[in-house]
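What follows is a set of notes on a single structure, which appears directly below.
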Amino acid sequence: MKTFKLHLIRHGLTSGNLQGLYIGSGTDIPLCDEGRAQLAELKERFEYPQVDTVFSSPLMRAVETANILFPNATHQFSVHDLREAGFGVFENHPVKELVKNEDFKKWITPGSGFVPEGAEPTEQFHARCSETLLKLFEYMIRMDVTEAACVTHGGVIMSMLSQRALPSRHPEQWMADPGCGYTVQTDVQLWMRDRLVEAIDIVPFGYADTLRGQAEAEENEAFE
């Protein structure tokens with residue numbers, strides 16, 4: 001049976017990431033020099049899929065990442081609903097300071113229902129992410145695009161996969177490093193029946209071996 005494969009990739013590093021700031025859709029900044037260099041190194045050391053269709057968040061950091069990783073893609077789509085969550089009054093503040101804020105603690109507590117001023121409600125964000133993944137695959141199936149890439153944000157990837165991917169995992173278990181992510185696939189039968197995708201690999205290809213090597217080294221150090 002024909003499968004449809006989508007590579008979900010987190011954008012590269014920004015100055016906000018390096019400074020430990022809480023950066024959402026309310027902050028539109030480009031990649032920093034370190035981020036560009038890191039993407040170049042990832043491309044040199046590992047293998048990214050060759051795709052002709054690329055979806056990306058409209059935010060600069062995602063668009064720039066998509067252009068670096070997939071410069072030859074002939075079909076590039078900016079998808080508004082692939083943007084990161086809006087963090088309202090917490091936007092662009094140091095995370096190490098926010099964790100001491102009582103309202104921030106309520107904001108990040110699952111099921112609290114608390115919405116800080118100017119922020120996107122958490123339930124609304126998760127609904128948007130789930131619906132957007134559905135729309136991307138529906139487009140691919142309708143247009144017979146069997147493989148594509150999607151460059152977006154860490155929070156979006158975690159939300160999408162915790163809701164729609166097998167194996168079933170908590171959002172934090174779907175975290176992705178900058179410039180990296182997951183390959184998911186589905187077929188028409190699985191999609192029509194369950195609206196689910198299967199996570200089958202880590203992107204770029206070969207990066208997972210590095211992660212396993214680091215984990216084994218750390219484990220060996222723990223027993224020395």
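Summary of values
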quantity	calculated
Residues of segment 55-65 that turn out to be more than 20 Å from residue 125 (Cβ to Cβ) and crowded, with 23+ Cβ neighbours inside 10 Å, as a count	1
Of residues in segment 106-126 being aliphatic (A, V, I, L, M) and open to solvent by 60 Å² or more (accessible area, probe 1.4 Å), the one farthest from residue 52 (Cα to Cα)	115
Test result for residue 20, at positive phi and touching a Gly at 6+ places or on another chain (Cβ under 8 Å)	no
Counted residues, segment 173-193 - those being crowded, with 17+ Cβ neighbours inside 10 Å, assigned to a strand (DSSP E or B) and not aromatic (Phe, Trp, Tyr)	5
Qualifying residue in segment 73-81 (condition: within 19 Å of residue 7 (Cα to Cα), assigned to a helix (DSSP H, G or I) and out of contact with any Asp or Glu (no Cβ under 9 Å at 6 or more places or on another chain))	yes
Subset of segment 140-171 [among the aliphatic types (A, V, I, L, M), more than 11 Å from the chain's Cα centre (by Cα) and open to solvent by 10 Å² or more (accessible area, probe 1.4 Å)]	141, 143, 145, 166
Tally of residues being without any contact (Cβ under 8 Å) to a residue 60 or more places away in the chain, β-branched (Val, Ile, Thr) and part of a helix (DSSP H, G or I) across segment 105-142	2
Residue, farthest from residue 45 (Cα to Cα), within segment 66-105, restricted to residues that are β-branched (Val, Ile, Thr) and surrounded by fewer than 17 Cβ atoms within 10 Å (Cβ to Cβ)	89
Members of segment 143-172 found to be in a helix (DSSP H, G or I) and at pLDDT 95 or above, listed by number	143, 154, 155, 156, 157, 158, 159, 160, 161, 162, 163, 164
Test result for residue 52, among the charged types (D, E, K, R), open to solvent by less than 60 Å² (accessible area, probe 1.4 Å) and either at pLDDT below 95 or closer than 30 Å to residue 33 by Cα (or both)	no
From the options 148, 127, 119, residue that is closer than 21 Å to residue 3 by Cβ and among the small types (Gly, Ala, Ser)	148
Condition check for residue 44: assigned to a helix (DSSP H, G or I), modelled with pLDDT of 95 or more, on the phi < 0 side of the Ramachandran plot and open to solvent by 80 Å² or more (accessible area, probe 1.4 Å)	yes
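The values are calculated or read from the model by the stated rules, or taken from the named source; none is laboratory data. On a predicted model such as this, the values are computed, not experimentally measured, just so you know. Methodologically, a virtual Cβ is constructed for each residue, glycine included, from the backbone with ideal geometry; neighbour enumeration extends over all protein chains shown. Side chains included, ligands, DNA and RNA excluded: accessible areas come from the protein's heavy atoms. Shrake-Rupley method; radii C 1.70, N 1.55, O 1.52, S 1.80 Å.
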